[in-house]
Amino acid sequence: MGLGFYHLRMHNPRGEKLFDIDEFDIPQGSCIVLSGQNGAGKTTLLKILAGLETPDHAEVAFDSQRMSWKAALSRLRHDVVYLHQQPYMFDQSVAGNVGYGLARAGVPRSEIATRVAEALHWSGLSHLADHNARELSGGEKQRVALTRARILSPKLLLLDEPLSNMDIGAREQTILLIRRLKEEGISTIITSHEPHISTLLGDEHRHLCKTGPCRYTIVRPFLFQRGIEQVARHPAGAPVDSNHEKRNTMTADTQGTQNLTAVILAGGMARRMDGQDKGLIELNGRAMIEYIIDALKPQVDNIVINANRNLEQYERYGYPVVKDIMGDYFGPLVGMASGLQACDSNRILTVPCDSPFVPPVLASRLNTAMMENQADISVANDGERMQPVFAMIRRSTLNSLLAYLDDGGRKIDTWYAEHQTAQTDFSDWPNAFININTPQEKVMVEQKIADDLQGQT
Amino acid sequence: MSQLLDSTREALGLLITGDPALWTIIHISFSVSLRAVLVSAPFAFLIAFALAHGRFRGRRALVSTFNTLLALPAVVVGLTVYMLLSRNGPLGDWKLLFTQTGMVIGQIILCFPLLVAISHSALQTAERRTWETAITLGASPLQAMLTVMYEVRYGLVAALIASFGRVIAEVGASMMIGGNILNYTRNITTAIALETSKGAFAQGIALGIILLLSALLLNFGLGFMQGKGAMR
């Protein structure tokens with residue numbers, strides 16, 4: 001069953017706008033990891049999906065049948081099960097708790113008994129069947145809650161911080177159960193503030209992100225790695241993976257594929273150029289971005305263009321075009337984050353779209369400095385000052401970048417300062433950082449290009 | 001002093017020999033009060049649940065209204081119901097004055113606020129998680145409500161016990177509405193009042209002992225239930 005939510009709007013207890021989500025689709029059998037700051041509304045969002053809290057506005061689509069949230073309420077309550085961060089145990093035996101939903105649905109007692117026994121066996125809780133559920137440990141309660149939900153064969157399971165406050169053993173067992181639920185085709189949404197959970201469980205990551213005062217919406221920061229599927233495909237009941245394998249997937253998540261993607265930042269407003277799209281300004285008959293693509297092609301494995309306008313024109317160059325993942329024209333940092341989320345490389349190389357003379361040694365020099373200094377970020381320096389948008393950035397910084405943007409941070413230098421940053425001197429490439437901000441500068445640059453061409457011939 | 005001792009000895013004799021007149025009175029008392037509490041309980045619990053978990057306008061005002069009604073004097077209830085049920089009253093056609101049903105009505109009015117107040121505070125201890133868990137596991141709102149009530153069952157039983165204790169010990173309403181008719185509406189408290197005014201203390205003391213014992217027992221049960229509720 002495909003399930004989708006549209007125009008989800010909700011306020012917080014003070015009556016302020018909390019989030020406004022255009023689209024939240026849940027593909028069948030998918031596991032979505034939902035992250036976001038405290039107060040972003042993760043729990044509220046889940047409760048709305050489960051039909052437990054009333055949104056200001058929402059539309060629901062079952063397959064392609066669209067209806068209001070109110071009309072969908074009984075179906076949501078039936079098809080979706082929400083699990084509290086600290087699951088509530090009814091004051092009765094574990095078996096009674098697991099059979100709760102079946103008993104309310106009018107299933108005959110003998111059938112409940114068999115199905116409960118089977119379910120408890122599934123989760124390895126058979127020995128606790130007659131214990132009072134209130135007397136269990138936190139991890140055991142979480143497993144009872146999962147079992148209690150699974151026995152109802154829901155279409156969608158919502159897990160609110162399922163692994164918080166748990167010791168390692170309990171976590172592993174819980175993770176194993178969640179994975180097996182996934183294999184049974186139950187879609188899940190897991191909220192978490194621990195990013196690595198996404199590696200262990202999820203196949204899609206969405207971030208509830210602040211885009212304005214008291215307003216959140218969904219962005220999709222990560223593309224996932226092949227390595228994770230491998231872990232997830234382990235047969236049910238198999239022992240938790242060896243440490244070796246886990247470490248591999250962990251690295252895959254934080255560092256991505258061992259290659260380099262260039263992100264051309266063309267998402268600006270170009271205020272001083274009368275709002276013309278800078279990347280598309282023609283210099284001697286060719287769009288500025290073409291010069292940049294030509295210069296980058298030999299240096300990187302992939303190219304991604306970050307733009308917010310004229311997307312079709314940018315797409316003509318044959319590279320993925322990504323819009324800013326949040327806000328309206330928040331600046332180059334958002335462009336960097338958007339580029340990072342759109343590729344799976346472990347590092348990206350960012351360049352602005354208005355500096356046509358990209359040095360052919362840009363990537364190699366930044367890379368050398370990054371390796372030598374074991375830096376997270378490697379930035380170009382023109383001999384006098386830092387040129388922050390010419391940078392090589394590791395994927396591992398993405399979470400910090402999103403958090404920084406979430407807090408309202410927009411300044412590149414301030415964010416760089418939070419990380420191990422290396423600078424590389426490019427004073428021997430005086431043209432590298434010439435950029436076009438005014439029509440006068442454009443004329444000068446065109447002249448220079450013509451001169452260069454002449455010099456070559 | 002000797003009169004008190006003699007009367008007490010006589011009273012114990014009555015209790016031990018199982019004096020039928022005495023036991024009839026006791027039976028009437030328990031039967032009327034039990035009916036009053038049991039009829040009130042479902043409605044009181046429902047209202048208490050709405051007050052504890054509903055979100056509607058005027059909820060707080062209702063809560064304080066019920067708390068204020070706790071102070072309702074039994075004689076005033078007796079007087080009001082008497083006037084309503086008397087031949088010329090608006091409900092005179094029901095012919096309920098000087099009947100057990102009339103007494104039950106009076107006692108319902110007396111125990112209802114107490115039932116609501118105590119079960120309200122019991123139901124308030126149930127978290128929203130309880131309700132949400134029940135609903136998300138497919139319970140209907142009615143089933144979810146029953147689940148929440150079951151989770152605080154000790155508190156609800158305590159509410160039953162406390163209200164039963166209140167109505168079985170009241171005199172005013174029973175006397176005025178019931179009319180103290182022998183073998184029909186004469187209960188423990190009205191009998192004690194009558195026998196005392198006649199100077200026949202033995203039966204009064206015997207009934208007093210029963211009342212005292214049941215009050216002690218009920219309060220013991222109340223304490224037990226509250227302890228059990230608090231433990232979880």
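The values are calculated or read from the model by the stated rules, or taken from the named source; none is laboratory data. Values in this document were obtained by computation on a predicted structure and should not be read as measured data. Using ideal geometry, Cβ is built from the backbone for each residue, glycine included, and neighbour counts are taken over all protein chains shown. All accessible areas refer to the heavy atoms of the entire protein, side chains included, with ligands and DNA or RNA removed. Shrake-Rupley method; radii C 1.70, N 1.55, O 1.52, S 1.80 Å.
Given the criteria out of contact with any His (no Cβ under 8 Å at 6 or more places or on another chain) and without any contact (Cβ under 8 Å) to a residue 24 or more places away in the chain, does B:F30 qualify?
Taking the combined requirement at face value, the residue does not satisfy it.
Return the only residue of A:A117, A:A145, A:A113 being within 18 Å of B:A139 (Cβ to Cβ) and either out of contact with any Leu (no Cβ under 7 Å at 6 or more places or on another chain) or within 14 Å of chain B (Cβ to nearest Cβ) (or both).
That would be A:A145, the only listed residue that is within 18 Å of B:A139 (Cβ to Cβ) and either out of contact with any Leu (no Cβ under 7 Å at 6 or more places or on another chain) or within 14 Å of chain B (Cβ to nearest Cβ) (or both).
Scan segment A:59-80 residue by residue and report those that are crowded, with 20+ Cβ neighbours inside 10 Å and either at the interface with chain B (Cβ under 9 Å from one of its Cβ atoms) or small (G, A, S) (or both).
Hits for segment A:59-80 are A:A72, A:R77, A:V80.
Kindly check whether there is at least one residue in segment A:246-261 that is under 23 Å from A:P359 (Cα atoms), modelled with pLDDT of 90 or more and outside any helix (DSSP H, G or I).
The answer is yes, given that some residue of segment A:246-261 is under 23 Å from A:P359 (Cα atoms), modelled with pLDDT of 90 or more and outside any helix (DSSP H, G or I).
Which fully enclosed helices (runs of 4 or more DSSP H) of segment B:97-208 have 1 or more residues being farther than 17 Å from B:I25 by Cα, touching a residue at least 12 places away in the same chain (Cβ under 8 Å) and out of contact with any strand residue (DSSP E or B) (no Cβ under 9 Å at 6 or more places or on another chain)?
Because the criterion is at least 1 residues that are farther than 17 Å from B:I25 by Cα, touching a residue at least 12 places away in the same chain (Cβ under 8 Å) and out of contact with any strand residue (DSSP E or B) (no Cβ under 9 Å at 6 or more places or on another chain), the helices (runs of 4 or more DSSP H) in segment B:97-208 that meet it are B:100-124, B:128-136, B:141-151, B:153-168.
Could you figure out which of (1) farther than 30 Å from B:R128 by Cβ; (2) of a type in the set (A, V, I, L, M); (3) open to solvent by less than 60 Å² (accessible area, probe 1.4 Å) isn't true of B:L84?
In the conditions (1) farther than 30 Å from B:R128 by Cβ; (2) of a type in the set (A, V, I, L, M); (3) open to solvent by less than 60 Å² (accessible area, probe 1.4 Å), B:L84 misses (3) alone.
Determine which single condition B:G92 fails, assuming it passes every other condition in (1) within 14 Å of chain A (Cβ to nearest Cβ); (2) open to solvent by less than 20 Å² (accessible area, probe 1.4 Å).
All conditions are met except number (1).
Does A:R171 qualify as being within 30 Å of A:G39 (Cβ to Cβ) and within 14 Å of chain B (Cβ to nearest Cβ)?
no
Against the conditions (1) under 30 Å from A:L340 (Cβ atoms); (2) at pLDDT below 85, where does A:D167 fall short? Just the number, please.
Looking at each condition in turn, A:D167 falls short on (1).
For A:S153, only one of the following conditions fails: (1) farther than 24 Å from B:E127 by Cβ; (2) hydroxyl-bearing (S, T, Y); (3) within 12 Å of chain B (Cβ to nearest Cβ); (4) in a helix (DSSP H, G or I). What is its number?
With respect to (1) farther than 24 Å from B:E127 by Cβ; (2) hydroxyl-bearing (S, T, Y); (3) within 12 Å of chain B (Cβ to nearest Cβ); (4) in a helix (DSSP H, G or I), A:S153 is out only on (4).
When you go through A:D56, A:D130 one by one, which is the residue that is more than 14 Å from every other protein chain (Cβ to nearest Cβ), touching a residue at least 40 places away in the same chain (Cβ under 8 Å) and either on the phi > 0 side of the Ramachandran plot or surrounded by fewer than 16 Cβ atoms within 10 Å (Cβ to Cβ) (or both)?
A:D56
Being at the interface with chain A (Cβ under 8 Å from one of its Cβ atoms), open to solvent by 60 Å² or more (accessible area, probe 1.4 Å) and closer than 21 Å to B:L160 by Cα is the filter here; which residues of segment B:122-150 pass it?
B:Y150, the sole residue that qualifies.
Name the residue that is farthest from A:G267 (Cα to Cα), counting only residues in segment A:323-343 that are open to solvent by 20 Å² or more (accessible area, probe 1.4 Å) and in contact with a helix residue (DSSP H, G or I) (Cβ under 9 Å, 6 or more places away or on another chain).
Among those residues, the one meeting the criterion is A:Q341.
Quick check: anything in segment B:176-186 of a type in the set (A, V, I, L, M, F, W, C), within 14 Å of chain A (Cβ to nearest Cβ) and open to solvent by less than 50 Å² (accessible area, probe 1.4 Å)?
Within segment B:176-186, none of the residues are of a type in the set (A, V, I, L, M, F, W, C), within 14 Å of chain A (Cβ to nearest Cβ) and open to solvent by less than 50 Å² (accessible area, probe 1.4 Å).
Would you mind finding the one in A:L83, A:L102, A:L34 that is more than 14 Å from chain B (Cβ to nearest Cβ) and either of a type outside the set (V, I, T) or open to solvent by 30 Å² or more (accessible area, probe 1.4 Å) (or both)?
One residue alone meets the criteria, A:L34.
Can you pull out every residue in segment B:63-77 that is of a type in the set (A, V, I, L, M, F, W, C) and either outside any helix (DSSP H, G or I) or surrounded by 17 or more Cβ atoms within 10 Å (Cβ to Cβ) (or both)?
Hits for segment B:63-77 are B:V63, B:F66, B:L70, B:A71, B:L72, B:A74, B:V77.
Among the numbered criteria (1) loosely packed, with under 15 Cβ neighbours inside 10 Å; (2) touching a residue at least 24 places away in the same chain (Cβ under 8 Å); (3) within 14 Å of chain B (Cβ to nearest Cβ), which single criterion is violated by A:E135?
A:E135 satisfies every listed condition except (2).
When only residues in segment A:37-51 that are out of contact with any Asp or Glu (no Cβ under 6 Å at 6 or more places or on another chain) and more than 18 Å from A:L83 (Cβ to Cβ) count, which is most open to solvent (accessible area, probe 1.4 Å)?
Among those that are out of contact with any Asp or Glu (no Cβ under 6 Å at 6 or more places or on another chain) and more than 18 Å from A:L83 (Cβ to Cβ), it is A:N38.
If A:R215 satisfies all but one of (1) of a type outside the set (V, I, T); (2) open to solvent by 10 Å² or more (accessible area, probe 1.4 Å); (3) at pLDDT 65 or above, what's the number of the condition it fails?
The one condition A:R215 does not meet is (3).
Checking B:R153 against (1) away from every other protein chain (no Cβ under 14 Å); (2) out of contact with any helix residue (DSSP H, G or I) (no Cβ under 7 Å at 6 or more places or on another chain); (3) at negative phi, which test does it fail?
(1)
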